[in-house]
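Before any comments, here is the structure.
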Amino acid sequence: MSISVCLLGLGLAWTFSWFEFASQIEIVNFRPISYLKMNVMRAVAVLFGAVGAAWYTHDPLWTAAAMGVGFLFGTVGTTWKILRNRPERFDPVLAREIFAFGLPLAASKTLNAIIVNGTRMLVGVLDSAAPLGLYTASFLLVQNSLTVIANGVSTAGYQLAVRAVDGDDPEAKRRQIRENGAFLLAVLAPMCLGMALTARNLAFVCVGVK
């Protein structure tokens, strides 16, 4: 693997992380319109940037770089808010709290990335590029279909949970978290079951393999 590919991968990881960080700031500050604008700007910039780079350069590296620029473009407004409202001094207590909160999330994200990418690597090594392409297309079809709905539910529920935690009623906190979990399961469980029952037909229609 070349150094340019590694550097580009690190750059894309940083841009994606910054976008996720900026989007969480809009979520916890209860700014749904700003969150929507971020995602729309990112989607439009990634679409036109990646397609334009691919058409003009015919180079996957420039196409991926354009996608990273699109992610950064979506964070322009939030980045300006962060720079304008940055604290005057570093708060070590707050930093420790953020680190303690984020470490388990980072570990789970890392394990998920290892599972997803490791599975694709095994398919490519043990078989060939053709099955890997079919597996990736099928995986993304299922993942994105479920993730879009799950993100919508969890984003709204997360704001309500933060608001409940900021209150002084322990029972209200537990009730809100239970309601969030129940609603998420009520929406996703039927979706997962439906996709599992129709997997063969979906594969034939969308991927071309029966």
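The values are calculated or read from the model by the stated rules, or taken from the named source; none is laboratory data. Nothing here was measured: the structure is a model prediction, and the numbers come from that model. No Cβ is skipped: glycine too gets one built from the backbone with ideal geometry, and neighbour counts run over all protein chains shown. Side chains included, ligands, DNA and RNA excluded: accessible areas come from the protein's heavy atoms. Shrake-Rupley method; radii C 1.70, N 1.55, O 1.52, S 1.80 Å.
Overview of results
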read-out: Among (1) under 13 Å from Gly77 (Cβ atoms); (2) exposed (fewer than 12 other Cβ atoms within 10 Å of the Cβ), the one test that Met41 misses; value: (2)
read-out: Considering residues of region 145-169 that are assigned to a helix (DSSP H, G or I) and open to solvent by 70 Å² or more (accessible area, probe 1.4 Å) only, the residue farthest from Asn112 (Cα to Cα); value: Asp166
read-out: Criterion violated by His58 - all others in (1) farther than 30 Å from Leu160 by Cβ; (2) in contact with a Phe, Trp or Tyr (Cβ under 9 Å, 6 or more places away or on another chain) satisfied; value: (2)
read-out: Residues being under 26 Å from Thr155 (Cα atoms) and assigned to a helix (DSSP H, G or I) - total across region 1-30; value: 17
read-out: Region 15-38 - residue that is of a type in the set (A, V, I, L, M) and touching a residue at least 40 places away in the same chain (Cβ under 8 Å) and, of those, most open to solvent (accessible area, probe 1.4 Å); value: Val28
read-out: Helices (runs of 4 or more DSSP H) completely within region 32-144 that count 3 or more residues being modelled with pLDDT under 80 and not small (Gly, Ala, Ser); value: 76-84, 92-126
read-out: Some residue of region 165-187 being in contact (Cβ under 8 Å) with a residue 40 or more places away in the chain and more than 20 Å from the chain's Cα centre (by Cα); value: no
read-out: Ala65 open to solvent by less than 90 Å² (accessible area, probe 1.4 Å), under 21 Å from Thr155 (Cβ atoms) and among the small types (Gly, Ala, Ser); value: no
read-out: Region 45-62, residues that are surrounded by 14 or more Cβ atoms within 10 Å (Cβ to Cβ) and either under 24 Å from Arg31 (Cβ atoms) or of a type in the set (Val, Ile, Thr) (or both); value: Ala45, Val46
read-out: Selection count, region 108-136, where residues are open to solvent by 50 Å² or more (accessible area, probe 1.4 Å) and within 28 Å of Tyr35 (Cα to Cα); value: 5
